[in-house]
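What follows is one structure encoded as structure tokens, with my remarks underneath.
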Amino acid sequence: MKLRQLHYVQEISKRGLSVTAAADALFTSQPGVSKQVRLLEDELGVDIFVRNGKHISEITPAGKRILEYTARLLLEADNIRNIAAEFRTADRGDLSVATTHTQARYALPPVISGFRQAWSQVALHLHQGSPPQIAKMAVEGTADFAIATEALEHFDELVMLPCYHWNRSILVPPTHALALRYRAQPQELTLEAIAEHPVITYTFGFTGRSKLDQAFAAQGLKPDVVLTAVDADVIKTYVRLGLGIGIVASMSHDETLDADLVSLPVDHLFEPSTTHIGFRQGMFLRGYMFDFIQRFAPHLTRELVEAVAAVPDAETRRRLVQERIPKLQQR
């Protein structure tokens, strides 16, 4: 049994049971992958895959169990390489981060800038996607860290640590009725007043959208959402065109770049959302990885991260986090 063979088996399962796609991802030949998988099956004395002619149609029951242990074994192989690299060249390596547009565009730039100055020999790779895609990348090892707010039910296989709370603002042109009303009588806006206008906001499943929908539904209101996007900059573009009012993460309003838009506070209308950072259970974290985590969320010290990561059960980890991190910063 060779690690390469196990890697081939795992890649086939990740690529929709396509040997060709697995071979392409591994930069090798399809016949070579097929041969090595057959050799592994012959050595084990069981089939890992069910074949229909030349194509793989499903994973056998034995194959499913084998793949569970394959994932653990390959993770430990990666850990051994990372441990060796940490002692050999502690200041060099790679760091892959999967996140959403809002985090990549507004929360991460100062973190990455400081990190690059401190770790100039570490190559950073930034992947953007939806929360389920982000979770999948981290679980499969395509990314070291996942940073997300929504759909945390997809992240149970990861060690998830809360980083900060954030809330929303309304963005409108200075001459918009809501802006004029707010300036004339500075008072808290209501959901009823907001629901009178067409709304442009995030696509469901991105950047705390579920909290927004829940707030309106609790008041028996259904806002007229005329356009959605995953990107706050796109939302701002269509607000400028007069298509509606924008409801975005407050962090996405830049007083200089967005001087033509007014930001109206609505923290009192919506529950704050929480951004988390996560990584695979059992993954060896190198020194620069701990540093990245703490730059993103200063309260996540190495001691705390190691204590939470050492707990194998997801529910127990959540309880420990609640005990150790009673209050988060609001951004």
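The values are calculated or read from the model by the stated rules, or taken from the named source; none is laboratory data. Treat the numbers as computed from the prediction; the structure is a model and nothing was measured. Neighbour counts are summed over all protein chains in view; Cβ atoms, including those assigned to glycine, are modelled from backbone coordinates with ideal geometry. In case anyone asks, the SASA skips ligands and DNA or RNA and just uses the protein heavy atoms, side chains included. Shrake-Rupley method; radii C 1.70, N 1.55, O 1.52, S 1.80 Å.
Report Rg(Cα)/(2.2 N^0.38 Å) for the chain, keeping two decimals.
Details: Rg = 23.6 Å, N = 331, 2.2 N^0.38 = 20.0 Å.
Dividing the Cα Rg of the chain by 2.2 N^0.38 Å gives 1.18.
Please compute the length gained on full extension between Asp254 and Leu39, using 0.36 nm multiplied by the number of residues separating them and subtracting their Cα-Cα distance. Could you put the intermediate results ahead of the total?
Numbers: separation 215, 0.36 × 215 = 77.40 nm, distance 5.83 nm.
Length difference between fully extended and current span is 71.6 nm.
Just the Kirkwood number for the range 102-172, please: inverse of mean 1/r across all distinct Cα pairs, in Å, one decimal.
13.9
Excluding residues fewer than 8 places away in the same chain, name every one of the aspartates and glutamates whose C-alpha is closer than 20 Å to that of Lys327.
Glu150, Asp267, Glu271, Glu303, Glu306, Glu315
Between Ala25 and Ala123, what is the label-point separation in nm under the 7 Å Cα-to-beta-carbon projection?
1.9
Tell me what the chain gives for mean residue ellipticity at 222 nm when only DSSP H runs of n ≥ 4 count, each as -39,500 (n - 2.57), the sum divided by the residue total, rounded to 500 deg cm²/dmol.
On the way: 13 runs with 143 residues, N = 331.
That comes out to -13000 deg cm²/dmol.
State, in angstrom, two size descriptors of the range 148-256 derived from its alpha carbons: Rg to one decimal place and Dmax to the nearest whole number.
Radius of gyration, then largest Cα-Cα span, for the range 148-256: 15.0, 51 Å.
Kindly state, to the nearest 0.05, the FRET efficiency for Glu76 paired with Leu221, given R0 = 41 Å and r defined as their beta-carbon distance.
Step by step, r from the Cβ atoms, then E = 0.20.
Which value in nm describes the separation of the simple spin-label points at Arg105 and Asp47, placed 7 Å from the Cα toward the beta carbon?
About 4.9 nm, to one decimal.
Can you give me the long-range amide H partners of Phe49? Hydrogens built in the peptide plane at 1.01 Å from N, cutoff under 5 Å, separation of 5 or more residues or another chain.
Thr60
Can you name the helices of the chain, as whole DSSP H runs, whose Cα span along the helix axis is 24 Å or more and whose Kyte-Doolittle mean is not below -1.0? Spell out each step's value before the answer.
Working: long enough: 61-88 (41 Å, -0.23).
Helices passing the filter in the chain: 61-88.
Would you work out the relative contact order for the chain, in percent, from Cα pairs under 8 angstrom that are 6 or more residues apart? If you can, show how the numbers build up before the last one.
Numbers: 497 pairs, mean separation 65.4, N = 331.
After rounding, I find 20 percent.
By average Cβ neighbour count within 10 Å, what is the ranking of 320-326, 216-222, 265-271 from highest down? Could you put the intermediate results ahead of the total?
Numbers: 320-326: 13.1, 216-222: 11.6, 265-271: 15.3.
The densest-packed peptide leads the list: 265-271, 320-326, 216-222.
Per residue, what accessible area does the chain have, given a 1.4 Å probe and all protein chains present, in Å²?
On the way: 16510 Å² over 331 residues.
Per residue, the chain has an accessible area of 50 Å².
Just to confirm my numbers, what's the Cα centroid distance between the range 43-77 and the range 268-288 in Å?
Using only Cα atoms, the two centres lie 31 Å from each other.
Can you give the Rg and Dmax of the range 1-140 based on its C-alpha atoms, in angstrom?
Values for the range 1-140 (Cα only, Rg and Dmax): 18.4, 54 Å.
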